Structure formats: structure tokens, C-alpha cells
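The next block holds one structure in the form of C-alpha cells; read it before the comments.
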Amino acid sequence: QVQLVESGGGLLQTGRSLRLSCAASGSIFTINFMAWYRQAPGKQREFVARITSGGSTSYADSVKGRFTISRDNAKNTVYLQMSSPKPEDTAVYYCYALLKRSVLAAPSDYWGQGTQVTVSS
């Protein structure tokens, strides 16, 4: 079994920073990339940021320059540093990983349970 467990969500005001963490555990051979998505009430889940095993990153335009994704490969953990948050960043944030459980296995999708982030003005 593979689990992704997020932590670090909560309530914050604009101008404050927050860091989300997501740790992957279980039977993992290699992680291709990890990412963060979010879903606001009444909206579809949307991409936030992604980081590959080699450290290449990409961001949604809405968070570029404000959020930073990073990764600790040794710990199978990904982070999302949220700086200059806005009320429109309020959402449930989900961790995602594309990984292989063995050398012969095909890459598979895994999701965390989500962590609520609420930004007040």
C-alpha cells in the first residue's frame, strides 16, 4: 500500500505564509513526480504546482511568484510554501504523486486526503 499524508493546512490572513507538507510512504520503488492540486467550494480541482524527481518545477499562473514547491527525495516528501496568500487561494489542497511500486510496475496515480487552507482578508 502507498499513502500520501498532507499536513500544515489551517487558517491564515493575507500577508502571512504557510507551508504544506506531503509525505509518501509504503511500498515505493521510485516517484516520477509530485504535485499539488486544490479545489475550492463549487469549483473543479485545479493544478497548482509540480516538481519532478530531478527538481524541475512548474506552476499555475495564479500562484507563480507566490508559491514555491520543493521536494526531499530522501524522505519522499513534497512541500508547498505559500507566500503572499490571497482569499482566492482558499481551498482544499491535495497532494499527488505519480510513482512506481516496483521496477516492473507501471507508474500509477496516488492522492492524499486533502488539507484545508483558508485565507482571510
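The values are calculated or read from the model by the stated rules, or taken from the named source; none is laboratory data. Computed from a predicted structure; not experimentally measured. Glycine gets a Cβ as well: all are built from the backbone with ideal geometry, and neighbour counts include every protein chain shown. All accessible areas refer to the heavy atoms of the entire protein, side chains included, with ligands and DNA or RNA removed. Shrake-Rupley method; radii C 1.70, N 1.55, O 1.52, S 1.80 Å.
Listed values, structure above:
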quantity: Given (1) of a type in the set (D, E, K, R); (2) touching a strand residue (DSSP E or B) at 6+ places or on another chain (Cβ under 7 Å); (3) surrounded by fewer than 13 Cβ atoms within 10 Å (Cβ to Cβ), number of the condition Asp72 does not satisfy; calculated: (2)
quantity: Residue satisfying all of: in the range 75-98; closer than 20 Å to Gln44 by Cβ and of a type in the set (Phe, Trp, Tyr); surrounded by the most Cβ atoms within 10 Å (Cβ to Cβ) among these; calculated: Tyr93
quantity: Among (1) open to solvent by less than 70 Å² (accessible area, probe 1.4 Å); (2) under 21 Å from Arg16 (Cβ atoms); (3) among the hydroxyl-bearing types (Ser, Thr, Tyr) - the single one Ser121 does not satisfy; calculated: (1)
quantity: Any hit, the range 73-82, residues being without any contact (Cβ under 8 Å) to a residue 24 or more places away in the chain and either over 15 Å from Ser7 (Cα atoms) or of a type in the set (Gly, Ala, Ser) (or both); calculated: yes
quantity: Identity of the residue in the range 1-18, touching a Gly at 6+ places or on another chain (Cβ under 8 Å) and more than 23 Å from Ala106 (Cβ to Cβ), that ends up least open to solvent (accessible area, probe 1.4 Å); calculated: Glu6
quantity: Hits in the range 99-110 (condition: surrounded by fewer than 17 Cβ atoms within 10 Å (Cβ to Cβ), in contact (Cβ under 8 Å) with a residue 60 or more places away in the chain and not in a strand (DSSP E or B)); calculated: Ser102, Val103, Ala105, Pro107
quantity: Output for the range 19-49, where each listed residue is surrounded by fewer than 19 Cβ atoms within 10 Å (Cβ to Cβ), out of contact with any Phe, Trp or Tyr (no Cβ under 8 Å at 6 or more places or on another chain) and either at positive phi or of a type outside the set (Phe, Trp, Tyr) (or both); calculated: Ala23, Ser25, Gly26, Ser27, Ile28, Thr30, Asn32, Ala40, Pro41, Gly42, Lys43, Gln44
